[in-house]
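Structure record follows, encoded as structure tokens.
The numbers here are math on the coordinates, done by the rules we state, and not lab data. This one's a predicted model, so the numbers in the text were calculated from it and none came from an experiment. Every residue, glycine as well, gets a Cβ built from its backbone with ideal geometry; the counts of neighbours run over all protein chains shown.
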Amino acid sequence: MYVKELTVNRVLGAKGMAGLTNLAQNFESDIKLKSNNYHIDVKSILGLLSLNLGQGMDVTIITKGDDDKEALVAICEYLEAIIP
């Protein structure tokens, strides 16, 4: 299991959240996002949309499974990327 706290740098709309969900589905590991007492499965687009994840939010990413380290790196890179 890996845990990392980060601040979302990317501007996320519905397409950005769909991209995040699609990325997460490439991994076998469970990938959770924690913010403001909410624990969301990153593979769930509805969960991400209900959280209203956006730029500047502080979140914690938690991965657990066979490819958890790779999943953590990929998800963190996606959320921390600055896209104009």
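What you get for the chain, charging only the Cβ of Lys and Arg (+1) and of Asp and Glu (-1), is a dipole of about 280 debye around the Cα centre.
Take the Cβ-Cβ distance between Glu5 and Asn26 as r, set R0 to 22 Å, and report the resulting FRET efficiency rounded to the nearest 0.05. The computed FRET efficiency comes out at 0.45. Fraction of C-alpha pairs exceeding 14 angstrom in segment 28-70: 46 percent, rounded to a whole number. Against the main long axis of the alpha-carbon atoms of the chain, helix 68-80 sits at an angle near 10°. Note on Ala14 and Gln55: with the Förster distance fixed at 25 Å, the Cβ-Cβ geometry gives a FRET efficiency of about 0.95.
With the alpha-carbon atoms of the chain aligned to their principal axes, the span from lowest to highest coordinate is 32, 27, 21 Å, starting with the largest. Distant-in-sequence amide contacts of Met57, defined by a placed amide H-H separation under 5 Å and a gap of 5 or more residues or a different chain, comprise Val8.
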